[in-house]
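Q: Okay, handing you the structure first.
The values are calculated or read from the model by the stated rules, or taken from the named source; none is laboratory data. Everything numeric in this text was worked out from a predicted model, so none of it was measured. Here Cβ is always computed from backbone atoms with ideal geometry, including for glycine, and neighbour counts include all displayed protein chains.
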Amino acid sequence: MIDLNKAGTFALGARRVTRLGYGAMQLAGPGVFGPPKDRKAALAVLREAVTSGVNHIDTSDYYGPHVTNQLIREALHPYPQDLTIVTKLGARRGEDRSWQPAFSSEELTSAVHDNLRNLGVDTLEVVNLRAMFDAHGPAEGSIEAPLSALAELQRRGLVRHIGLSNVTATQIEQGRTIAKVVCVQNQYNLAHREDDALIDRLAGEGIAYVPFFPLGGFTPLQSTALSDVAARLGATPMQVALAWLLRRAPNILLIPGTSSLQHLRENLAAANLKLPPAEVAVLDQIG
């Protein structure tokens, strides 16, 4: 039986959440655009995640666009009292399915209201501002203007807490002079560990770090090494990757996404997976 409490908890804004959550991006159609192939299955995944103990769901109204938030509302509203829904602003989808920056005050204000309407809430619990200077990864550039606009929406009571996504250490420090930052969401996994020092610094300051793409960007050799460890442990590579992240630092909150009930159950079972020291040593070398 899956026991998410074994993964521990960490503060996310004013709440404590289980460290193994759920990312809703894959509930939209191919390319995170349009409706899901199987709407009933998408709703079932959301409901099972919450009944299994997940109380942290990551989403955005530009997934679809609008699709994942509407699914979350249909599946889960009225929301359990302990459920924390985290959304993102800063991008929009073009008609050609492209990902485009949406950083102006007007665009951010419109996005907040879209999220409020489609999620069916009066206040967004946590909103991540995603930097879009480079859609493929963090790149330097000032976030002062968009973050100031988001902070104004916070003062108006539409947003409770603010986080940052796809950002550099310099942008995080700039952001913290404008608003309290409760979480940082960047790509990080066994193979991509550029944020090692940042994670440790944030942990010391009580700020959550939310890595995405837990299996993204692996070379064939790295994938083979991970698969070999998983085979020895009788686990899936994803379970091992998630268990390693849980072990890496106490402030790491995981949001693995899937549109499959079977994969959801497998991912959540990572909370029960213990990594022997010898295997941890092998995994540490992957990066």
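Q: Among the listed residues SER98, SER105, identify the single one that is closer than 28 Å to ASP134 by Cβ and modelled with pLDDT of 95 or more. Outline the logic, then answer.
A: Numbers: SER98 fails: modelled with pLDDT of 95 or more.
Just one listed residue meets the conditions, SER105.
Q: Further, regarding this structure: Sort through THR84, THR68, THR123, THR109 and tell me the only one that's closer than 22 Å to GLU48 by Cα, of a type in the set (Ser, Thr, Tyr) and in contact with a helix residue (DSSP H, G or I) (Cβ under 9 Å, 6 or more places away or on another chain).
A: On the way: THR84 fails: in contact with a helix residue (DSSP H, G or I) (Cβ under 9 Å, 6 or more places away or on another chain); THR123 fails: closer than 22 Å to GLU48 by Cα; THR109 fails: closer than 22 Å to GLU48 by Cα.
The unique qualifying residue is THR68.
Q: Another question, then. Among the numbered criteria (1) under 18 Å from the mean Cα position of the chain (by Cα); (2) of a type in the set (A, V, I, L, M); (3) surrounded by fewer than 21 Cβ atoms within 10 Å (Cβ to Cβ), which single criterion is violated by LEU273?
A: (1)
Q: With closer than 30 Å to ILE2 by Cα, in a loop (DSSP other than H, G, I, E, B) and aromatic (Phe, Trp, Tyr) as the only criterion, which of TYR79, TYR62 stands out? Break it down into steps so the answer makes sense when it comes.
A: Working: TYR62 fails: closer than 30 Å to ILE2 by Cα.
Answer to the selection: TYR79.
Q: Specify the residue that is nearest to GLN239 (Cα to Cα); the eligible residues are those in region 1-32 that are in contact (Cβ under 8 Å) with a residue 12 or more places away in the chain and among the hydroxyl-bearing types (Ser, Thr, Tyr).
A: Initial filter on region 1-32 (in contact (Cβ under 8 Å) with a residue 12 or more places away in the chain): 2-8, 10-15, 17-29, 31-32.
Narrowing the set further to residues that are among the hydroxyl-bearing types (Ser, Thr, Tyr) leaves 18, 22.
Values: THR18: 16, TYR22: 14 Å.
Only one residue tops the list, namely TYR22.
Q: Can you work out which of the residues in region 211-225 that are more than 20 Å from LEU20 (Cα to Cα) and either under 22 Å from the mean Cα position of the chain (by Cα) or assigned to a helix (DSSP H, G or I) (or both) is modelled with the lowest pLDDT? Full working, then the answer.
A: First pass over region 211-225, keeping only residues more than 20 Å from LEU20 (Cα to Cα): 217-225.
Now narrow it down to the ones that are either under 22 Å from the mean Cα position of the chain (by Cα) or assigned to a helix (DSSP H, G or I) (or both): 217-218, 220-225.
Values: GLY217: 90, PHE218: 94, PRO220: 95, LEU221: 94, GLN222: 96, SER223: 96, THR224: 97, ALA225: 96.
Result: GLY217.
Q: Among residues belonging to region 229-247 that are over 22 Å from the mean Cα position of the chain (by Cα) and free of Cβ contacts under 8 Å to residues at least 24 places away in the same chain, point out the one that is nearest to THR59 (Cα to Cα). Can you show your working first?
A: Step one: of region 229-247, the residues over 22 Å from the mean Cα position of the chain (by Cα) are 229-235.
Those left that are additionally free of Cβ contacts under 8 Å to residues at least 24 places away in the same chain: 230-231, 234.
Numbers: ALA230: 29, ALA231: 32, GLY234: 31 Å.
So the residue we want is ALA230.
Q: Could you give me the residue pairs with C-beta distances under 7 Å whose first residue belongs to region 248-272 and is in contact (Cβ under 8 Å) with a residue 40 or more places away in the chain and outside any helix (DSSP H, G or I), whose second residue is among the charged types (D, E, K, R) and surrounded by fewer than 22 Cβ atoms within 10 Å (Cβ to Cβ) wherever it lies, and which are 6+ apart or on separate chains?
A: Close Cβ pairs (under 7 Å, with a partner that is among the charged types (D, E, K, R) and surrounded by fewer than 22 Cβ atoms within 10 Å (Cβ to Cβ)) amount to ALA249/ASP200.
Q: Still on this structure: What do you reckon, is LEU245 crowded, with 19+ Cβ neighbours inside 10 Å and out of contact with any strand residue (DSSP E or B) (no Cβ under 9 Å at 6 or more places or on another chain)? Lay out the reasoning, then the answer.
A: On the way: crowded, with 19+ Cβ neighbours inside 10 Å: yes; out of contact with any strand residue (DSSP E or B) (no Cβ under 9 Å at 6 or more places or on another chain): no.
It is false that LEU245 is crowded, with 19+ Cβ neighbours inside 10 Å and out of contact with any strand residue (DSSP E or B) (no Cβ under 9 Å at 6 or more places or on another chain).
Q: Six or more apart or on different chains, Cβ atoms under 8 Å: show the pairs whose first residue is in region 201-220 and closer than 19 Å to HIS56 by Cα and whose second is assigned to a loop (DSSP other than H, G, I, E, B) and β-branched (Val, Ile, Thr).
A: VAL210/ILE255; PHE212/ILE255
Q: Given (1) over 19 Å from the mean Cα position of the chain (by Cα); (2) over 28 Å from GLY34 (Cβ atoms); (3) surrounded by fewer than 18 Cβ atoms within 10 Å (Cβ to Cβ); (4) in contact (Cβ under 8 Å) with a residue 12 or more places away in the chain, identify the lone condition not met by ALA179.
A: (3)
Q: Follow-up. Listed residues TYR22, TYR79; which is under 19 Å from LEU116 (Cα atoms) and either modelled with pLDDT under 95 or of a type in the set (Phe, Trp, Tyr) (or both)?
A: TYR79
Q: Restricting the search to region 21-41, which residues are over 25 Å from THR123 (Cβ atoms), of a type in the set (A, V, I, L, M) and either buried (at least 19 other Cβ atoms within 10 Å of the Cβ) or in contact with a Phe, Trp or Tyr (Cβ under 8 Å, 6 or more places away or on another chain) (or both)?
A: Scanning region 21-41 gives a single hit, VAL32.
Q: Checking PHE212 against (1) surrounded by 15 or more Cβ atoms within 10 Å (Cβ to Cβ); (2) more than 30 Å from LEU164 (Cβ to Cβ), only one condition comes out false. Which one?
A: Exception for PHE212: condition (2).
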